[in-house]
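Asker: Encoded as C-alpha cells, here's the structure I'll be asking about.
The values are calculated or read from the model by the stated rules, or taken from the named source; none is laboratory data. None of the values given here were measured: they were computed from a predicted structure. Cβ coordinates were reconstructed from backbone atoms using ideal geometry, including for glycine residues, and neighbour counts include every protein chain displayed.
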Amino acid sequence: MAQYRVPRQIQNIANRALEYNRSLPQSKRAAYKTTPNGERVPGTGMRTARRLASGNVDDSQIQLMAAWFARHGEANQEQRRDRTSKMAIAWALWGGTPAQRWAKRIAKQIETGKNT
C-alpha cells in the first residue's frame, strides 16, 4: 500500500484543530462519538487529524478522506462560517479545504493507477 506525504499546510491545519478541539469541554468537541455504555470516545475525524498531523497517510486514508469530503463539502459551507461550530472544527480536523483538494487529486491518481 502506497504512502503519501501530507503537505505541511494540511498538517498545520490538523494540528491546530486537534489542539483547539482538545481545549473544549468534551460535550462541545467535534469528532467524538458516544459508545453504547455512554462513554465519549474519539471518532474517525480525530483519527484522521492525528494521521494528517503525523505527515503520512496511505491509500485507504486518502479514499476515506475523499469520500468524507464528497459527503460534507458543499452542503455544510454555511455551518463552517462559524469557526467555533462542530462542523467547522470537524472540517479542520480533516485538513480543511486544502485537504479536500489534495485528497480528491490523490484519490483520482489511485483510481487510475498512477500512484505518485
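Asker: Are there any pairs, at least 6 apart or on different chains, whose C-beta atoms fall under 6 Å, with the first in the stretch 85-105 and crowded, with 24+ Cβ neighbours inside 10 Å and outside any helix (DSSP H, G or I) and the second modelled with pLDDT of 95 or more and β-branched (V, I, T), and if so, which?
Answerer: Going by the 6 Å Cβ cut-off, the qualifying pairs are W94/T48; G95/I10; G95/I13.
Asker: Could you check the stretch 1-47 and list, in sequence order, the residues that are under 19 Å from R83 (Cβ atoms), of a type in the set (G, A, S) and either at pLDDT 95 or above or surrounded by 13 or more Cβ atoms within 10 Å (Cβ to Cβ) (or both)?
Answerer: Those that are under 19 Å from R83 (Cβ atoms), of a type in the set (G, A, S) and either at pLDDT 95 or above or surrounded by 13 or more Cβ atoms within 10 Å (Cβ to Cβ) (or both): A14, A17, S23, A30, A31, G45.
Asker: Of all residues in the stretch 24-39, which are β-branched (V, I, T) and in a loop (DSSP other than H, G, I, E, B)?
Answerer: Across the stretch 24-39, the qualifying residue is only T35.
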